[in-house]
Amino acid sequence: MTAKPDLSVVIAGIRMKNPVVLASGTCGYGPEYADLIDFNALGAITIKGLLSEPWMGNPPPRLVETPAGLLNAIGLQNPGVDAFIADYLPMLRRYDLPVIVNIWGRTMQEYGEVAARFNDVEGVHALELNISCPNIKAGGMEFGTDPKVAAEVIGLVRKRTRLPLIPKLSPTVHSIALFARVAEESGADAISLINSVPAMVIDIERRRPVLSNGMGGLTGPAIRPIAVRLVWQASRAVKIPVIGMGGISCGRDALEFIIAGASAVAVGTANFLDPGTALRVVAEIEDYLRRHGLASVRELVGTLQFKQGS
């Protein structure tokens, strides 16, 4: 009988049982999925983006399905930091589960303020810094598509928080390697990518965008090849760990990211179709390691055999 493969990974100083995370924006704040999936069997959970105060997001319609994907313009609706700490975090503390909190701001100063609020909060293990959301008019992507601005906001937040910091990068930049290095040099402990891809769906009868916001962020299997390529490029540019995401719905998808260079992966849109997707991904990664005689998932990270020009 072969030994059970070691699925554990360490990301930004956080030890995870396995490399599979629930992605921000797709699992709410925890209670929405607590009766549907065994949180103790996950690598980590990244809760939906938080602002310093409650935020209503964009007016409906905010979701539309596309071939092999989902277009959303939720606009980072959230209850605010105080409500999350009081109403949601106590439930999450009951699980043996690292909690990564996604944060955002409308100004650089607000990013810092939100980050500082979690310094002495029990049960929060890291911050994912959202500098890449395409669905809001102030903040988000505007901070993540200029390397100087990205460096400034990451550096500011680094000074305001004692927690591990994981900037979430945009897929729309001209060089993901450059932005990955900017994040690392500005104090990031890891990076996550990719965020959703800006896109549009038009109602041809009305000749208007389907979404009230006009554009939204495309997620799901349609973006996976884009995400794999960007993870590969980013992971080659930095020494800090990469959390890869974008269209993962099975173990095979996750393994593409890991082989490309991701130390962990996040399951997002697939949670809406099957809340058990993340646990199935864990099982399928383990099966792959057994079949290939690998003792640890860490042996697989960044093993892509690639010769440019071949």
Antiparallel %, DSSP beta bridges [both residues in the range 1-133], to 5: 45
I11 long-range amide H proximity, modeled H, under 5 Å: M16
Most mobile listed residue (T107, T219, T26) in the chain, GNM with C-alpha springs under 10 Å: T107
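If you take the square roots of the eigenvalues of the alpha-carbon gyration tensor of the range 235-306 and sort them as a ≥ b ≥ c, do you get rounded (a/c under 1.5), prolate (a/b over b/c) or oblate?
Details: a/c = 2.31, a/b = 1.27, b/c = 1.82.
Oblate shape, in that a/c is at least 1.5 and b/c is the bigger or equal ratio.
Please compute the length gained on full extension between R93 and E185, using 0.36 nm multiplied by the number of residues separating them and subtracting their Cα-Cα distance. Each step should come with its number before you reach the end.
Numbers: separation 92, 0.36 × 92 = 33.12 nm, distance 3.21 nm.
That pair, R93 and E185, stretches by 29.9 nm at full extension.
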Paramagnetic label zone (point 7 Å from Cα along Cα-to-C-beta, R206; backbone N under 11 Å) in the range 29-62: 60-62
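Treat the count of other C-beta atoms within 10 Å as a stand-in for reagent exposure and order W55, W104, W232 from fewest to most. List each step's numbers first, then the result.
Working: W55 17, W104 26, W232 22.
Exposure proxy ranking, most exposed first: W55, W232, W104.
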Under-5 Å amide H pairs with G247, H placed in peptide plane, nonlocal only: G220, G268, T269
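As a test of the formula, what do you get for the chain when each DSSP H run with n ≥ 4 contributes -39,500 (n - 2.57) and the sum is divided by the residue count, at 222 nm and rounded to the nearest 500 deg cm²/dmol? It would help to have the intermediate numbers written out before the result.
Numbers: 9 runs with 84 residues, N = 310.
So the calculated ellipticity at 222 nm is -8000 deg cm²/dmol.
Where nothing but the Cβ of Lys and Arg (+1) and of Asp and Glu (-1) is charged, how large is the charge dipole of the chain around its Cα centre, in debye to the nearest 20? Let's see the in-between values first.
Values: 30 positive and 29 negative charges, 140 e Å.
Dipole of the chain, to the nearest 20 debye: 680 debye.
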Contact order normalised by residue count of the chain, Cα under 8 Å, 6+ apart, percent: 20
Per-q log10 I(q)/I(0), the chain, q = 0.09, 0.13, 0.15 Å⁻¹ (Debye; single scatterer per alpha-carbon; no solvent): -0.41, -0.88, -1.19
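Hey, got the dipole for the range 176-310? About the Cα centre, +1 on K and R Cβ, -1 on D and E Cβ, debye to the nearest 20? Intermediate values should be presented prior to the final figure.
Working: 14 positive and 12 negative charges, 69 e Å.
I would put it at about 320 debye.
Run through every distinct alpha carbon pair of the range 1-142 and return the Kirkwood hydrodynamic radius in angstroms, one decimal place. Each step should come with its number before you reach the end.
Values: mean 1/r = 0.0616 Å⁻¹.
Taking the inverse mean of 1/r over all distinct Cα pairs, the range 1-142 comes out at 16.2 Å.
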Under 5 Å, built H, 5+ apart or other chain: amide partners of S296: D6
Added length on full extension, which subtracts the Cα-Cα distance from 0.36 nm per residue, Q77 to R15: 19.3 nm
Share antiparallel - DSSP beta bridges, the chain, percent rounded to 5: 40
Listed residue (G246, V20, W104) projecting farthest to the positive dipole end of the chain, Cβ model: G246
Estimated distance in nm for a label pair at R290 and A68, the labels positioned 7 Å out from Cα along Cα-to-Cβ: 3.1
Filter on K4/K168; K17/K239; K48/K239 - keep pairs with C-alpha separation over 25 Å: K4/K168; K48/K239
Positive dipole terminus of the range 1-148, leading residue within S8, G49, L36 (C-beta point charges): S8
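No lab work stands behind these numbers, since they all come straight from the coordinates. No experiment lies behind these values; they were computed from the predicted model shown. In this analysis, Cβ positions are derived from the backbone assuming ideal geometry, glycine residues included, and neighbour counts consider all displayed protein chains.
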